[in-house]
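Take a look at the structure set out below.
The values are calculated or read from the model by the stated rules, or taken from the named source; none is laboratory data. Note that the coordinates shown come from a computational prediction; the quantities given were computed from them, not determined experimentally. Note: ideal-geometry Cβ built from the backbone for every residue, glycine included; neighbour counts use all protein chains shown.
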C-alpha cells in the first residue's frame, strides 16, 4: 500500500518542507548555485512538483502550475520512492540505472543538485518525526 493516500496529502506533507528548504540558510543558496529547474512526476498517487532554482530564492510549484512549468530536467518516480529519496534511503544514481527513477534532460544537472540536497536528508528525517507521513 502506498505511503501517501492522495496528491493533496502529498502536497500537504511536502510543500511546508520544501518551502523551509528553499529558505534554509545552508540549503537554499546551494539550490540557487545549481542554477537549474526540475519537475518530479510522481505516481501512486499522481502528483507533480517543480523546484526552480534559477531564481533567488528558489521557487516551489505543485499541481497544475507544476505541470506547465518550463524546466530543464524532468524525473518520474513513485511517491514512495520520492519519500525514500528525501529520507536519504534511495541512491539516485542506482535508482536511475535500475529505472526506478526515469529522467529526461541533462543528468549532469540533476547530479549537480545532489550536494545541495544532501544536507536536506537529515532535515527531512526530523520533519517526518514532527509531521508523520501516516497522516498524509
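Condition check for residue 109 on (1) farther than 23 Å from residue 126 by Cα; (2) modelled with pLDDT of 95 or more: one failure, at (2).
Of everything listed in (1) in contact with a helix residue (DSSP H, G or I) (Cβ under 8 Å, 6 or more places away or on another chain); (2) closer than 19 Å to residue 26 by Cβ; (3) modelled with pLDDT of 95 or more, the single unmet condition for residue 126 is (1). Scanning the range 113-122 for residues that are in a helix (DSSP H, G or I) and within 13 Å of the chain's Cα centre (by Cα) yields 113, 114, 116, 117, 120, 121.
Residues are listed down the side, and each one gets a yes or a no for (1) in contact with a strand residue (DSSP E or B) (Cβ under 7 Å, 6 or more places away or on another chain); (2) closer than 25 Å to residue 133 by Cβ; (3) crowded, with 17+ Cβ neighbours inside 10 Å:
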| residue | (1), (2), (3) |
| --- | --- |
| 4 | no, yes, yes |
| 10 | yes, yes, yes |
| 26 | no, yes, no |
| 54 | yes, no, no |
| 72 | yes, no, yes |
| 78 | yes, yes, yes |
| 91 | no, yes, no |
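Check whether at least one residue in the range 87-96 is at pLDDT 95 or above, over 15 Å from the mean Cα position of the chain (by Cα) and assigned to a loop (DSSP other than H, G, I, E, B), and report yes or no. Checked the range 87-96: no residue is at pLDDT 95 or above, over 15 Å from the mean Cα position of the chain (by Cα) and assigned to a loop (DSSP other than H, G, I, E, B).
Selection within the range 15-24: residues that are touching a residue at least 60 places away in the same chain (Cβ under 8 Å) and in a helix (DSSP H, G or I). The member of this set that is surrounded by the fewest Cβ atoms within 10 Å (Cβ to Cβ) is 16. Residues considered: 14, 31. Of these, the only one that is within 11 Å of the chain's Cα centre (by Cα) and under 18 Å from residue 85 (Cα atoms) is 14. One residue stands out among those in the range 93-118 that are buried (at least 19 other Cβ atoms within 10 Å of the Cβ) and in contact with a strand residue (DSSP E or B) (Cβ under 6 Å, 6 or more places away or on another chain): the one that is farthest from residue 44 (Cα to Cα), which is 110.
Residues in the range 25-60 that are touching a helix residue (DSSP H, G or I) at 6+ places or on another chain (Cβ under 6 Å) and part of a helix (DSSP H, G or I): 27, 28, 30, 31, 34.
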